[in-house]
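Contents: one structure, followed by commentary.
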Amino acid sequence: MKTAATLPTPWFAPAWLVRFLRSPISTVVGSLLVLVVVAGVILAPLITHADPMALSSDTLLEPAWAHPMGTDDLGRDELARVLYGGRASLVIGLFSALLSVILGMTIGMVAGFFGGAIDETLMRITEAFQILPKLLVAVVVVSLIGSGLTNEVLVIGLLSWPATARVIRGRVQVIRHEEFIAAAEMSGASWLRVLVRHVAPNVVSFLLVSASLQVASAIMSESFLSFLGLGDPAHPSWGLLLQQGQLFLSDAWWLTTFPGIALAMTILGLNLLGDGVSGSRIVAGSRR
């Protein structure tokens, strides 16, 4: 069987680095891209001392030593805005994904475990959510309830759980007939205890792939909303920076280039990470 390509490991590398480099290349590259983005966002105060909201007379300056990513039309430092803007994008992506994963896992476990009418009802609800045009619905709902980090997290999270639910349901349907589940039920354990103590630990690992893809999808959805002017202006994100920079495409290329690169690195890194983890699970499963 063809195995996933890995990077060469030097003989002097520590054990944890050897294990990391022996992971699929997509996992290594994806992890590094995500690490660079997250490190830049967290260490923003150490990377630049500029205030992302501070106005100045140095408007539309090209990238230079004083302003590595230039300035915008109001004289604000673009490097600071990209780094701090990443915080809003990542926060919305992480919490939206967390909400959707929790909902999807819960609904998928219940549907897969009980089957019958409960399964049919929950799957019909899932299909109803799946056929909704997610971005269009998100635009309408955010327009009605107002922009803000909390509203965006709720809207994106509540519209993104069906894919996770279907994956978990399929896995639980397999686990449901395992001997250790039957033993737990015969010992008198309640259905809730069986789900929490025996089923959940066996599906959590399958959420890793779903979670990474959900974060990437949520960041893209948030960027789309912000690009349409539905983001929170008090917490500028990469989507809002792209929306503001499009007005100066011919005069200030850097206003869209650098936020776009940051967004692309994050999405690519998360997708590669999810692909690598998925490939590792397939290979591991085939060896059992």
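The values are calculated or read from the model by the stated rules, or taken from the named source; none is laboratory data. Being a predicted model, the structure only gives us computed values, none of them experimental. Here the Cβ positions follow ideal geometry from the backbone for every residue, glycine too, while neighbour counts run over all protein chains shown.
Listed by position, the helices (runs of 4 or more DSSP H) inside region 196-272 whose residues that are hydroxyl-bearing (Ser, Thr, Tyr) number at least 3 are 207-227.
Considered as a group, the residues in region 11-50 that are more than 27 Å from the chain's Cα centre (by Cα) and either part of a helix (DSSP H, G or I) or at pLDDT 90 or above (or both) include one that is farthest from Ala264 (Cα to Cα), and that residue is Ala15.
The residues listed here are Ala138, Ala88, Ala97; of these, the one that is part of a helix (DSSP H, G or I), in contact (Cβ under 8 Å) with a residue 60 or more places away in the chain, in contact with a His (Cβ under 7 Å, 6 or more places away or on another chain) and surrounded by 22 or more Cβ atoms within 10 Å (Cβ to Cβ) is Ala88. Filtering region 179-190 to residues that are surrounded by 13 or more Cβ atoms within 10 Å (Cβ to Cβ) and either out of contact with any His (no Cβ under 7 Å at 6 or more places or on another chain) or in contact (Cβ under 8 Å) with a residue 24 or more places away in the chain (or both) leaves Glu185, Ala189. Put simply, of Leu149, Leu208, Leu159 the only residue that is at pLDDT 90 or above, of a type in the set (A, V, I, L, M, F, W, C) and closer than 30 Å to Val37 by Cα is Leu159.
Before we move on, is Asp51 more than 18 Å from Thr256 (Cα to Cα) and among the acidic types (Asp, Glu)? When the stated conditions are applied, Asp51 passes them. Within region 259-273, the residues that satisfy the criterion of being farther than 11 Å from Val37 by Cα and either touching a Lys or Arg at 6+ places or on another chain (Cβ under 9 Å) or of a type in the set (S, T, N, Q) (or both) are Pro259, Asn271.
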